[in-house]
Amino acid sequence: IKGLLDRFRKGLSKTAQLFNIRSWFGRKVDQSFLDDLEARLIQADVGVKSTQRIVDRVREAYSDKTADDDLLNFVKAELKALLVDPRPGTLAVSPSKPTVYLIAGVNGSGKTTSIAKLAQRLKDEGKTILLAACDTFRAAAADQLTVWATRSGSDIVKGAPGADPASVAHDACDRALARGADVLIVDTAGRLHTQSHLMRELEKVRGVLHRKISGAPHEVLLVLDATNGQNAIRQAEVFTKSIGCTGVILTKLDGTAKGGVVVAVRQTIDLPVKFIGVGEGIDDLQPFDADTFVESLFT
Ligand code: GDP
């Protein structure tokens, strides 16, 4: 957990600057203090409702007192309470091979990179991976995925440019079953300007996975770019309505002070954050842990 904390700290430093409550120690908790706290929480994209809740609770407990370690711990506990999730943070594993993860998200969110990082993680656990390049619209997407697949020693199935993504998914299922792959990770298209078409395509791919493999997809992971803040939440609402996501991979937390969007994901769209991206390197995808996350925001 020590290594994890260090990585989180490094990756979340921009958001942590906003939450530097220690620099407020000794200040009286009056209206101006509460206004400052509110502004910081909003700026970090915690979301209006959650921000209001935290500010109200601090007002109730600390009005006219002096900001100190106690208050800092109180704010931490409030954030943790907002992040608590009874669902497991780990990915579901199917009792029979292969376990299938469907990955969705708009272009540029970090989908391909996250798939590569995830494949590497699972590979390191000794699993055999098959990648399905179902984004047949962007030729570069399949190429990029191939490069990553080679690097992590994963197998890949791709279609001709413009091929039906559902048929690529179909072939990938056949190959995964034939080769006894442990995990099938399915990349999908993410062009948002044709939203209804995209959602139909995703539903079709999902349908194929479901018909071909028992219980599949075992996870539908939505990749969201944290730098998009509240816009990422709106994207999540659209995707969840269409394809029923089971979890979120929140990327680029290292490049933004909007790390509070983790709270908004949990509170607004009620999806567990499964992994966070804290850099461009292959090992910069970390399992999300609420305690570690909150602690690293206040160091
Ligand atoms: P896609 O279009 O959704 O497949 O996005 P890509 O995987 O190609 O990623 C878009 C850009 O974001 C690339 O330059 C990635 O290196 C970068 N990226 C992805 N995840 C992270 C992250 O966690 N942190 C940082 N700093 N960059 C990331």
(message) Tell me the relative contact order for the range 51-188 as a rounded percent, counting alpha carbon contacts under 8 Å between residues six or more apart.
(response) 30 percent
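I'd like to compare 46-52, 240-246: which one has the highest average count of other Cβ atoms within 10 Å, and what's the full order after that?
Those peptides, ordered most packed to least, come out 46-52, 240-246.
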(request) For the range 1-54, build the charge dipole from Cβ charges (+1 Lys, Arg; -1 Asp, Glu) around the Cα centre, then report which of V46, Q31, L12 sits farthest towards its positive end. (result) L12
(request) Using a 1.4 Å probe over the heavy atoms of the protein chains, calculate the carbon and sulfur portion of the accessible area of the range 178-299 as a whole percent. (result) 46 percent
(request) Subtracting the Cα-Cα distance from 0.36 nm times the residue separation, let me have the gained length for R9 to E237 in nm, one decimal. (result) 79.2 nm
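Assign one of three labels to the range 211-250, namely rounded, prolate or oblate, based on the Cα gyration tensor with a ≥ b ≥ c the square roots of its eigenvalues; rounded applies when a/c is under 1.5, prolate when it is not and a/b is larger than b/c, and oblate otherwise. Walk me through the intermediate numbers first.
On the way: a/c = 4.43, a/b = 2.28, b/c = 1.94.
In terms of gyration-tensor shape, prolate.
Once you wrap a convex hull around the alpha carbon atoms of the chain, what is its projected area averaged over all directions, in nm²? If you can, show how the numbers build up before the last one.
On the way: hull surface 60.2 nm².
If you wrap the Cα atoms of the chain in a convex hull and average its projections, you get 15.1 nm².
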(request) Note down the accessible area of V93, probe 1.4 Å, to the nearest 10 Å². (result) 100 Å²
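Could you size up the charge dipole of the range 205-299 around its Cα centre, putting +1 on the beta carbon of Lys and Arg and -1 on that of Asp and Glu, and report it in debye to the nearest 20?
Values: 9 positive and 11 negative charges, 132 e Å.
Using only the charged Cβ atoms, the result is roughly 640 debye.
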(request) Compute the accessible area per residue over the chain, keeping the other protein chains in place, probe 1.4 Å, unit Å². (result) 42 Å²
(request) Compute the Rg/Rh shape ratio of the range 1-43: radius of gyration over Kirkwood radius, all on alpha-carbon atoms. (result) 1.11
(request) Among A264, T240, T194, pick out the residue whose Cα is farthest towards the positive end of the charge dipole of the chain, where Lys and Arg carry +1 and Asp and Glu carry -1 on C-beta, about the Cα centre. (result) T194
(request) For the range 95-166 and the range 1-41, write down the distance between their C-alpha centroids in whole Å. (result) 37 Å
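Would you please classify the overall shape of the range 12-70 from the alpha carbon gyration tensor, given that a ≥ b ≥ c denote the square roots of the eigenvalues, rounded means a/c under 1.5, and beyond that prolate means a/b larger than b/c while oblate covers the rest?
Working: a/c = 2.15, a/b = 1.23, b/c = 1.75.
The shape class here is oblate.
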(message) Which of the three applies to the range 108-191, rounded, prolate or oblate, going by the alpha-carbon gyration tensor with a ≥ b ≥ c and a/c under 1.5 meaning rounded?
(response) oblate
(request) Show me 148-154, 260-266 ranked by packing, highest mean number of other Cβ atoms within 10 Å first. (result) 260-266, 148-154
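Rounding to the nearest 20 debye, state how big the charge dipole of the chain is about its Cα centre with +1 on each Lys and Arg Cβ and -1 on each Asp and Glu Cβ. Please report the intermediate quantities before stating the final value.
Working: 40 positive and 37 negative charges, 100 e Å.
Using Cβ point charges on Lys, Arg, Asp and Glu, the chain gives about 480 debye.
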(message) Just to confirm my numbers, what's the Cα centroid distance between the range 193-271 and the range 42-91 in Å?
(response) 25 Å
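The values are calculated or read from the model by the stated rules, or taken from the named source; none is laboratory data. As the structure is a computational prediction, the values presented were derived from the model and not from experiment. Reconstructed Cβ throughout: ideal geometry from the backbone, glycine too, with neighbour counts over all protein chains shown. Quick note on the areas: whole protein, heavy atoms, side chains included, nothing else; ligands and nucleic acids left out. Shrake-Rupley method; radii C 1.70, N 1.55, O 1.52, S 1.80 Å.
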